[in-house]
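Take a look at the structure below.
The values are calculated or read from the model by the stated rules, or taken from the named source; none is laboratory data. Every value quoted in this text rests on a predicted model; they were computed, and no experiment measured them. Cβ: placed from backbone, ideal geometry, glycine included. Neighbour counts: every protein chain shown. SASA here: full protein model, heavy atoms, side chains in, ligands and nucleic acids out. Shrake-Rupley method; radii C 1.70, N 1.55, O 1.52, S 1.80 Å.
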Amino acid sequence: MTKYYTAYIDEAGDEGIGKLAAGPVGGQSRWLVLGACIVSRENDLKLPAWRDKILSRFPDKKSRDLHFRELKHEQKIVVCQEISVLPIGVSLAFSHKVTIPGTKWESIFKQKGYLYNYLLRWLLERVTMTCERAAGGDQCVLKIVFSRRGGTDYQAMKDYLCLMRDGNEVMRPVRSIRWNVLDIDTISVENHKKWAGLQLADCVTSAGFCALEPNRYGNYESSYARILRDRFIKQNGSIFNCGITPVPSLRRCNIDDAQREFFESFI
């Protein structure tokens, strides 16, 4: 018996490292977050109804698609509360971009798409492992659906995944994507507005971003991500480094006390 899963993937923040924001206003984001919303085939069919139920909580909202950044604080809380009880899995990978300038990686990650693809590898390692484990010994297949973003070379992304699959990386990773689970040929790129799964992925990814990226007043808002705690995937009972993964490691991230407390609360 083959079990089928879909992971809807979105991002928050940007790839740029040339003019990182020194404070809460101006410059490129200090974090890039990639997030996946993982569902079984059966639950994939229910996503539009689940999205519509969430939207029904906001009868005055003019737009009928779910976009986290367009919501007020109290609405974001409600969205996360609604998602927190759905039978989905969530995984977030966080790149702390301020650790890149001045290192040997700077010239590499300044190239378009390199940081996104690198972080995607971390995310897919954890997502494919979770799907394999959830299949309970049965064969399983994971389909990836990306939220379309301007300027992204998706063919280059597929080529990078093929390079990893074929074992042609210069530096071998500690973990590996489960290539028996991920079918590169089924990867698709779709518009956010038309796919309920991408709208939920936007919400969970943005929730994680708000916990670490300072707002205009220099504050973080971690309540959204904390509400989603039960949805984050785990390994050996721990969310950390599976459902919530900092890149580089927590020891090397050079973060402040509030950010560290957020990560450590998931260990």
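Computed values, structure above
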item	result
Which listed residue, of Leu161, Leu182, Leu250, Leu200, is within 26 Å of Glu82 (Cβ to Cβ) and not polar (S, T, N, Q)	Leu200
Hits in the range 21-55 (condition: within 16 Å of Val85 (Cα to Cα), outside any helix (DSSP H, G or I) and either open to solvent by 50 Å² or more (accessible area, probe 1.4 Å) or not polar (S, T, N, Q) (or both))	Cys37, Ile38, Val39, Lys46
Residue match in the range 97-116 (condition: more than 13 Å from Ser206 (Cα to Cα), among the aliphatic types (A, V, I, L, M), open to solvent by less than 10 Å² (accessible area, probe 1.4 Å) and touching a strand residue (DSSP E or B) at 6+ places or on another chain (Cβ under 7 Å))	yes
Of all residues making up the range 1-15, the number that are open to solvent by 60 Å² or more (accessible area, probe 1.4 Å) and modelled with pLDDT under 95	1
Condition broken by Arg64, with the remaining ones in (1) free of Cβ contacts under 8 Å to residues at least 12 places away in the same chain; (2) closer than 29 Å to Ser249 by Cα; (3) of a type in the set (D, E, K, R) satisfied	(2)
Test for Gly18: is it surrounded by fewer than 15 Cβ atoms within 10 Å (Cβ to Cβ), at positive phi and in a loop (DSSP other than H, G, I, E, B)	no
The range 195-219, residues that are buried (at least 18 other Cβ atoms within 10 Å of the Cβ) and at pLDDT below 95	Pro214
Subset of the range 149-159 [farther than 17 Å from Asp185 by Cβ and either crowded, with 16+ Cβ neighbours inside 10 Å or in contact with a Phe, Trp or Tyr (Cβ under 8 Å, 6 or more places away or on another chain) (or both)]	Thr152
Qualifying positions in the range 242-252 - buried (at least 20 other Cβ atoms within 10 Å of the Cβ) and in a loop (DSSP other than H, G, I, E, B)	Cys242, Gly243
Looking only at the range 222-263, and only at residues there that are over 17 Å from Ala207 (Cβ atoms) and among the aliphatic types (A, V, I, L, M), the one that is nearest to the chain's Cα centre (by Cα)	Val247
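Residue-wise test of (1) open to solvent by 20 Å² or more (accessible area, probe 1.4 Å); (2) in contact (Cβ under 8 Å) with a residue 40 or more places away in the chain; (3) of a type in the set (Lys, Arg).
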{"site": "Leu182", "(1), (2), (3)": "no, yes, no"}
{"site": "Asp185", "(1), (2), (3)": "yes, no, no"}
{"site": "Val189", "(1), (2), (3)": "yes, yes, no"}
{"site": "Lys193", "(1), (2), (3)": "yes, yes, yes"}
{"site": "Arg226", "(1), (2), (3)": "yes, no, yes"}
{"site": "Gly237", "(1), (2), (3)": "yes, no, no"}
